[in-house]
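The next block holds one structure in the form of structure tokens; read it before the comments.
The values are calculated or read from the model by the stated rules, or taken from the named source; none is laboratory data. Everything numeric here is computed off the predicted structure, so don't read it as measured data. Cβ placement follows ideal geometry from the backbone for every residue including glycine, while neighbour counts extend to all protein chains displayed.
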């Protein structure tokens, strides 16, 4: 896979999808600065590319501990793509990780409204609502998440917790 991406990058150095995949490969190898450089190159070519934005934001948050930069990237991207369920869901993940639960609830809700088949957002929102003591709403969302994706073990556990409550 590495050789294929390197060859693709040599052939198409301005291909945003190839640059983004190279960024992901470098992140998996532990090369955070190389990964960041690839995502920045991709965004220099296509500033509103959703995948490159999400991947750079997650790199900033997860690997560099820069939650502020990650949040800024998501907010800017949401201004350009307010109808992207992926952006809402991934921004909600960042908000949840820093304890901004109301913002996370709002963005998971937006993601679900834009893509009702998104099992991941339904599961995440279910877990947050359960923490807030909103058991009935949490149970309904967890059940929907399991019906949408029966292989999602976390959603199944969340649903079982709700049934036992």
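Miscellaneous remarks
- Single match in 140, 120, 68 (criterion: closer than 27 Å to residue 30 by Cα and over 14 Å from the mean Cα position of the chain (by Cα)): 68
- Filtering the range 37-44 for residues that are under 30 Å from residue 129 (Cβ atoms) and crowded, with 21+ Cβ neighbours inside 10 Å leaves an empty set.
- Residue within the range 62-70 that is part of a loop (DSSP other than H, G, I, E, B), surrounded by 17 or more Cβ atoms within 10 Å (Cβ to Cβ) and either in contact (Cβ under 8 Å) with a residue 24 or more places away in the chain or outside the structural domain of residue 25 (by TED's automatic domain parsing) (or both) present: no
- For the range 21-30, the count of residues that are surrounded by 17 or more Cβ atoms within 10 Å (Cβ to Cβ), under 12 Å from the mean Cα position of the chain (by Cα) and either in contact (Cβ under 8 Å) with a residue 12 or more places away in the chain or not assigned by TED's automatic domain parsing to the domain that holds residue 139 (or both) is zero.
- Pair list, Cβ under 7 Å, 6 or more apart: the range 97-125 residue in the same structural domain as residue 144 (by TED's automatic domain parsing), other residue assigned to a loop (DSSP other than H, G, I, E, B) and crowded, with 17+ Cβ neighbours inside 10 Å: 111/118; 112/118; 119/149; 119/152; 123/152
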